[in-house]
Every structure is written in C-alpha cells, then in structure tokens.
1. Tell me which lysines have Cα within less than 24 Å of K99's Cα, excluding those fewer than 8 residues away on the same chain?
2. For segment 268-387, give the magnitude of the charge dipole about the Cα centre (Cβ charges: +1 Lys/Arg, -1 Asp/Glu; no others), in debye to the nearest 20.
3. How tilted is helix 63-73 with respect to the longest principal axis of the chain? Cα atoms for both, answer in degrees (0 to 90, nearest 10).
4. How many nm is it between the label spots at D59 and T221, if each spot is 7 Å from the Cα in line with the beta carbon?
5. Using only Cα atoms, tell me the angle between helix 188-206 and the longest principal axis of the chain; keep it within 0 to 90° and round to the nearest 10.
6. Decide, for segment 271-408, between rounded, prolate and oblate: order the square roots of the alpha carbon gyration tensor eigenvalues as a ≥ b ≥ c, take rounded if a/c falls under 1.5, and otherwise choose prolate if a/b is larger than b/c, else oblate.
7. If the reach is capped at under 24 angstrom between alpha carbons, list the lysines near K253, excluding any in the same chain fewer than eight residues apart.
8. How far, in degrees from 0 to 90, does helix 297-309 lean away from the longest principal axis of the Cα atoms of the chain, to the nearest 10?
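What follows is calculated from the coordinates using simple rules that are stated; it is not laboratory data. The structure displayed is predicted, hence computed values, not measured ones. Neighbour counts run over all protein chains shown; Cβ positions are idealised from the backbone, glycine included.
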Amino acid sequence: MKITNAKVFVGGPGKNYVTLKIETDQGVYGLGDATLNNRETLPAAYLQDYLIPCLIGMDPRRSEDIWQFFYRGAYFRRGPIAMAAFGAIDMALWDIKGKLANMPLYQLFGGKSRDGALVYAHATGADLPDLMESIAHYVDAGYKAVRVQCGIPGMPSASYAVPETSGASKHYITDFSGIRPRTEIWDTDRYMRYMPGALTEIRERFGPDLKLLHDVHHRLTPREAAQFAKAVEPVNLFWLEDPTPAEDQTALKLIRQHSTTPIAIGEVFNSLHDCQHLIEQELIDFIRVAVTYAGGITHVKRIVELAGMHHIRTGFHGAPSHSPLCMAAQAHLNAWAPNFGIQEYLVLGTPECDALFPSDHQMQDGLFHVSDAPGLGVDFDETQAARYCYAPGSHPVVRLQDGTLWNY
Ligand code: CS2
Ligand code: MG
C-alpha cells in the first residue's frame, strides 16, 4: 500500500484551519489538522515544502516509523510548527488505519473506558452579573462544568477571554484578527484582589456540584500564583489553569507548597519533554496538551500514558482554533484514556463548519459522544473548502501599566 498524494488546505469559517488530506493507492484517504493558531501558514508550508515530498510512496500503515522518520529526521527537533505538521500527518495515518480496520480509532487504542466524555464550556462576562448570566446559560444547556472568566473592575483593558461590554458573552470567542497585535494593559494587583471574591460568589450562587474552572492564562509570577491558588482553595475549583508561565517547571513547586488547588497546564507544550518534569514530580493534576500542537495521536498517547502513572488526568486543550479533526482525535483518546479528566469544548457547530467537516459525533447534556464511524469519524468537503482563504491574525500582547511587557 502506498501514499500517492497529499494536499494541504488553509481556511475555514472564521478560522484559518490547516487541513491535510493524504490519499493512497487503495482509494482510502486520511485527514489531519495542522492549525497553529495565528501562525497557520508555517505548518502548511512545512508540510508542502518538506514533509509531503517525502511522504509520497511511503506505506501509510507504518505510522510509528513515519512519525520517527520526521521527528528524528528533522535533526532540529520539536517546536510548535514542526509538531503541528507532524501532528497532522499522524492523525491522517491513524484515520487511514481505522478505515482499513473498519473501526473507530478508540477501538484501536484499547476500546471505550466510558460512554460519554465530560466537557466544559466557556462562560465569560464583562462584569460579574454578566458572567453569572453566562454560567446560567450553560447550566441550562446541560453542562456539568464551566470555565469562568470575568472582567475586573478598574482593569485598564478587557483581559483574557473577556468581552469589552456586557451582554456579549454568549459564545464569546477572542478576536485575533489583524497581523499587528492589539495591546492589553494588565494589573495583577487588581486581579488578585477581585477574582478570589468573584469565584466565591459564583460558588455560592451555583452550589457545590457545578465544576468550576478558571484560566489565569500565564499572568502571575510563581509567588503570586501560590498566593492566588491558596486564596481560592475554599472555592474548590475543578482546576486552576496556567497560573504561571510553564517554561520554569520547578516554579510550580511553590504553588504545591502553599495550596491543594488542582493545577492544569499544557496547552503550549509541543512534546513529552516539555512536561516530563511536571508529570514525574506530580506538580500538576491535569495535562492540557492538544493533539495538533503536540505531534499527533502517537505522541500524545505517550504523554497520556506517562501522566496516568503519576495520577494526572487528561484535560485536552479545545480552543476554537482547533479544527473538528483535532477535536475528533482527542474525542477518541478521551473515550479510551483510563486517566481521562475533562475536555475543553466550544460548540462551534456552525452550519458552515459542519458542512466543511461532516461528522456524526454528538455533544449532549455536557458529555461528548464519539461516533462509531471508522477512523476519526470526520470527513472534509473540498468543494466547501474552496469558499475559504487565509486571513492573518495575531495574539494580543500584554503590558503592565508601567509599559513592562507581560504574558498574554
Ligand atoms: C486558552 C486558549 O482555551 C484556553 O485554555 O488558553 O484559548 C488560548 O488563549 C488560545 O488557544 C491561544 O491561541
Ligand atoms: Mg488556557
């Protein structure tokens, strides 16, 4: 069996999805996602210029060898661009494997460990009353878990994942449009003074059963993060995410020394090596890698297995920049993983997105149900794809009030 062709498509409804289609001499094809948010053209070029010329003629069933071929063959290993490109190839080869076996991928991983996977939605508000309404909206929609992000009174500009004005919170998605990043002004003291109280009010309003998650989005120093994690302990959060930048993995020790608030980290990681210390030292409770950003199913499965040995559960990243192909790969891993925790999931299901990526996967009552279709269970409509083209975007930059560059 041989790979005969591979095509890369860039574009989608409101998102620059990077979709890879690998075709074979047996008519079976596989799909993969290489969407690296706000840097989409780079994995696309990496695939076009360097990887696809090597793929043609290879046996698609040798997915492990092909993964090693590209990972070790690159010589300059890892990094978000390469791992997103490898990730797409790996997803497509697993998709072909599932279709050849006529099995949904979770069966090839070891079968289901659960029938529905818990997901969390994004509740947000320009202020606390606005956020309370947003949370109520998702609770009414059947969600058992919500991430809560709130505008901070007096904060010089709207911070991460918070709308500028009230009433704009339903299905709020961060606007990354434009090649020149917009600047946000951040005030840590205001956040540290206000957010613990806001989270306490939310807990009092919605009771002990609703799972509450909060994303600090890398904005605190390790000492501040330790103080914050301790202050919110009584709220009994499901997790506190990215409390401090994860490059310095020993910094997390300080948080562990001062609080038992569960910690989730990993969306910016591209390989096992980025999180090995965190996992082996059990400095986190949830690993947040994404199949696209961390080199595909083959590599993420290794991360999940290592995490499982250290009582760490999965909490895969599911921001809107991940295409339904990445979300499907994660859904199959979530159905199988013995140490599954939760999946970030935004109902993107716009008619345009469903037309571009038809699938039978279902989300109901706060649980994601993976379909039994062979492979990933998501298809791709090339005619629809022709409607979309690339539009540049950028992550905001964040400055403190004195102009100091800070973390988005
Ligand atoms: C966020 C992301 O969903 C999350 O947890 O941290 O939305 C993140 O801001 C984007 O993926 C950045 O590209
Ligand atoms: Mg996050």
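1. K2, K7, K21, K112, K301
2. 280
3. Once rounded, the angle reads 70 degrees.
4. If labels sit at D59 and T221, their model points lie 5.7 nm apart.
5. Tilt relative to the chain: about 80 degrees.
6. In terms of gyration-tensor shape, oblate.
7. K230
8. 50
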